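Before any comments, here is the structure.
The values are calculated or read from the model by the stated rules, or taken from the named source; none is laboratory data. Remember, predicted model here, so these are calculated numbers, not experimental data. Ideal geometry is used to build each Cβ from the backbone, glycine not excepted, and the neighbour counts take in all protein chains shown.
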Amino acid sequence: MNDPVKVSCHCGAVELRVTLSEGLSGARRCDCSFCRRRGAGVVSAPLDAVEVVRGADKLTLYKWNTGTAEHYFCSACGIYTHHRRRSDPTQYGINMGAIEGVNPADHEPIAWNDGVNHPSDAD
């Protein structure tokens, strides 16, 4: 398994300790109406591999449409840190840009997933 990484918002109020499922190799972006506006590359982690080290009281939750995906961001600086994935609610998507020492530009091109035509919408 991978070593834990530090994930933080811009102002430092929120800090997570995360063990990624596949390291940075599974990076992707989503083109749904919400994610394409955010544009962040994300990597995955199981729910039990994400620990809020600091700032749980600063995390704000945003849900929309089906309410399955849970998007978390810092209420002080607005930076998105992670979200519970709609496509697999047993995992979080972690904002690559919030991982200490990682510049998403170094991992381009990051593949895009079709979130507009989400498989859950076909049910």
(request) Quick one: which residue in 105, 111 is without any contact (Cβ under 8 Å) to a residue 24 or more places away in the chain, of a type in the set (A, V, I, L, M) and surrounded by fewer than 15 Cβ atoms within 10 Å (Cβ to Cβ)? (result) 105
(request) Please identify the pairs in which a residue from region 1-21 that is free of Cβ contacts under 8 Å to residues at least 12 places away in the same chain has its Cβ atom under 9 Å from the Cβ atom of a residue that is acidic (Asp, Glu) and not in a loop (DSSP other than H, G, I, E, B), counting only partners at least 6 apart or on another chain. (result) none
(request) State all residues of region 17-49 that are outside any loop (DSSP other than H, G, I, E, B) and either of a type in the set (Phe, Trp, Tyr) or touching a helix residue (DSSP H, G or I) at 6+ places or on another chain (Cβ under 8 Å) (or both); if no residue qualifies, say none. (result) 18, 24, 29, 30, 42, 43
(message) Being without any contact (Cβ under 8 Å) to a residue 40 or more places away in the chain and either of a type in the set (Phe, Trp, Tyr) or assigned to a strand (DSSP E or B) (or both) is the filter here; which residues of region 84-95 pass it?
(response) 84
(request) Determine which member of the set 52, 116 is aliphatic (A, V, I, L, M) and either loosely packed, with under 14 Cβ neighbours inside 10 Å or not in a strand (DSSP E or B) (or both). (result) 116
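I'm trying to understand the selection: among the residues of region 22-35, which are over 19 Å from residue 74 (Cα atoms) and either among the basic types (Lys, Arg) or buried (at least 17 other Cβ atoms within 10 Å of the Cβ) (or both)?
Of all residues in region 22-35, those over 19 Å from residue 74 (Cα atoms) come to 22-33.
If the condition is that a residue be over 19 Å from residue 74 (Cα atoms) and either among the basic types (Lys, Arg) or buried (at least 17 other Cβ atoms within 10 Å of the Cβ) (or both), then 24, 27, 28, 29, 30, 32 are the ones that fit.
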(message) So, in region 16-65, exactly how many residues are modelled with pLDDT under 95 and among the acidic types (Asp, Glu)?
(response) 2
(message) So in region 36-49, with the set limited to residues that are crowded, with 17+ Cβ neighbours inside 10 Å and among the aliphatic types (A, V, I, L, M), which one is nearest to residue 88 (Cα to Cα)?
(response) 45
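Of the residues 76, 98, 13, 69, which is modelled with pLDDT under 95 and surrounded by 14 or more Cβ atoms within 10 Å (Cβ to Cβ)? Talk me through it step by step, then tell me what you get.
Working: 76 fails: modelled with pLDDT under 95; 98 fails: modelled with pLDDT under 95; 13 fails: modelled with pLDDT under 95.
Testing whether each residue is modelled with pLDDT under 95 and surrounded by 14 or more Cβ atoms within 10 Å (Cβ to Cβ) leaves just 69.
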